[in-house]
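Here's the structure, in C-alpha cells; my notes come after.
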Amino acid sequence: KAGVTQTPRYLIKTRGQQVTLSCSPISGHRSVSWYQQTPGQGLQFLFEYFSETQRNKGNFPGRFSGRQFSNSRSEMNVSTLELGDSALYLCASSSRGLGEKLFFGSGTQLSVL
Amino acid sequence: KNEVEQSPQNLTAQEGEFITINCSYSVGISALHWLQQHPGGGIVSLFMLSSGKKKHGRLIATINIQEKHSSLHITASHPRDSAVYICAVRRSSGGGADGLTFGKGTHLIIQP
C-alpha cells in the first residue's frame with residue numbers, strides 16, 4: 001500500500017507570491033490534515049479535511065487555505081507569501097480523523113526569499 | 001503557558017537504559033498521540049491513546065486522564081532510538097473535537 005505522498009518536496013518562492021502544495025493520502029483514507037513545522041514554533045495544526053469538508057481549523061491567517069477533492073487528495077494554498085511562512089509543511093492521513101493513528105507524508109520544504 | 005508541556009526537553013542516555021518521556025496537558029482531550037521524528041526524516045506515529053496503556057515492542061505508552069498526564073517509555077534503549085519524540089493532544093470541546101496541539105518535543109540521544 002503506497003504511503004502518503006506530498007509534492008513538491010522542495011519549493012522556493014519570493015515574498016508576495018502564492019504557492020499550492022499537494023497531498024495524496026493512503027488509499028481508503030478520508031481524513032487529511034495539514035501542519036506547519038518551524039524551528040521556533042515547532043509543529044502547528046493548520047486544518048483537517050474529511051470527505052471534502054473542512055472539519056477543523058488552526059489559528060492561522062486567512063492567507064492559508066485548503067481543499068479536498070472527491071478522491072481524498074488535498075491541496076493547501078498560501079497566498080501573499082511572507083518570509084515567516086518558510087517552513088516544512090506536512091500532511092497526514094487517517095481513515096476517520098484525528099482521533100486515530102495518523103500517517104504522515106515526508107513534507108514540503110518551503111523557502112520564501 | 002503552553003497547553004502541552006513535555007519533559008525533559010533534552011535527554012542523553014547510554015545504550016540499554018530505560019527511558020521515560022513525560023507529557024502534561026491542561027485541556028480536556030479526546031486523544032493523545034506520541035510521534036517520532038528522526039533528523040531530516042519524516043514523522044512516524046508511535047501510539048494513539050485515549051485511556052490506559054499500549055505496548056509495541058520496546059515502547060510503552062500510558063495515559064492518566066484524571067491527572068492529564070502521559071508517559072512514553074523505551075526499554076533497552078538503542079542508538080537507533082535517537083530522535084525527537086513529540087506529544088500531541090486532540091482537544092475535546094463543546095462543539096466537537098478540535099485540531100491537534102503539540103508539545104515542543106523531547107530530543108533523545110542514545111550513546112553506544
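The values are calculated or read from the model by the stated rules, or taken from the named source; none is laboratory data. Quick caveat, the model's predicted, so the values are computed rather than measured. Cβ placement follows ideal geometry from the backbone for every residue including glycine, while neighbour counts extend to all protein chains displayed. Ligands, DNA and RNA are excluded from the accessible area calculation, which covers all protein heavy atoms including side chains. Shrake-Rupley method; radii C 1.70, N 1.55, O 1.52, S 1.80 Å.
Data for the structure
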| read-out | value |
| --- | --- |
| J(HN,Hα) series, region A:83-99, from Karplus relation 6.51 cos²θ - 1.76 cosθ + 1.60, nearest Hz, glycine and proline x | 4, x, 7, 4, 5, 8, 9, 10, 10, 9, 10, 7, 5, 10, x, 6, x |
| Buried accessible area, chains A and B (both chains, 1.4 Å probe, Å² to nearest 100) | 1400 |
| Local net charge near B:Val27, Cβ-Cβ under 11 Å (Lys/Arg +1, Asp/Glu -1) | +1 |
| The protein assembly as shown - charge dipole about Cα centre, Lys and Arg +1 at Cβ, Asp and Glu -1, debye rounded to 20 | 440 |
| Charge dipole magnitude, Cβ of K and R +1, D and E -1 - region A:32-113, Cα centre, debye nearest 20 | 180 |
| Among B:Thr75, B:His107, B:Thr62 - extreme Cα towards positive end, dipole of chain B, charges at beta-carbon | B:Thr62 |
| Options A:Leu11, A:Met76, A:Ser51, ranked by Cα towards positive dipole end of the protein assembly as shown, top entry (Cβ charges) | A:Ser51 |
| Mean separation of Cα contacts under 8 Å, 6 or more apart, over the residue count of chain B: relative contact order % | 36 |
| Surrounding net charge for A:Thr108, when Lys and Arg each add one and Asp and Glu each subtract one, Cβ distance under 14 Å | 0 |
| Distance between region B:37-55 and region B:61-112 - C-alpha centres, whole angstrom | 7 |
| Solvent-accessible surface (1.4 angstrom probe) belonging to B:Asp98, in square angstrom, nearest 10 | 50 |
| Lys pairs under 26 Å by Cα in the protein assembly as shown, provided they are eight or more residues apart or on distinct chains | 22 |
| Dipole magnitude of chain B, debye to nearest 20 (Cβ charges: Lys/Arg +1, Asp/Glu -1, about Cα centre) | 220 |
